[in-house]
1. For the pair residue 17/residue 32, report the inter-label distance in nm, with labels modelled 7 Å from Cα in the Cβ direction.
2. Work out, step by step, the length gained on full extension between residue 24 and residue 45: first 0.36 nm times the residue separation, then minus their alpha carbon distance; give nm to one decimal.
3. Taking the chain, how much of its Cα-Cα pair set, in percent, is spaced more than 16 angstrom apart?
4. Among 38, 46, which comes first, then next, by fewest other beta-carbon atoms within 10 Å?
5. Just from its helices, what would the mean residue ellipticity at 222 nm be for the chain, if runs of 4 or more DSSP H residues each count -39500 (n - 2.57) and the sum is divided by every residue, rounded to the nearest 500 deg cm²/dmol?
């Protein structure tokens, strides 16, 4: 698809459960839109209470 017929929205919001979900699913599209002037927002819907604990890392 050429750049001339690639849809560029005014704004976009990615709503995902985990921080890396956006990177694995749609980060390329969001980056392209952001470079073209789209206002891009990420909404992460997780409490952060599960994951890997690394003592001594803040």
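1. Calculated label separation equals 2.7 nm.
2. Extra length from residue 24 to residue 45 when fully extended: 6.0 nm.
3. Counting every Cα pair in the chain, those more than 16 Å apart make up 55 percent.
4. In order of increasing Cβ crowding within 10 Å: 46, 38.
5. -7500 deg cm²/dmol
Bear in mind that the values in this text are calculations on the coordinates, not laboratory data. Since the structure is predicted, the reported quantities are computational estimates derived from the model, not experimental observations. Don't worry about glycine lacking a Cβ; one is built from the backbone with ideal geometry, like all the others, and counts go over all protein chains shown.
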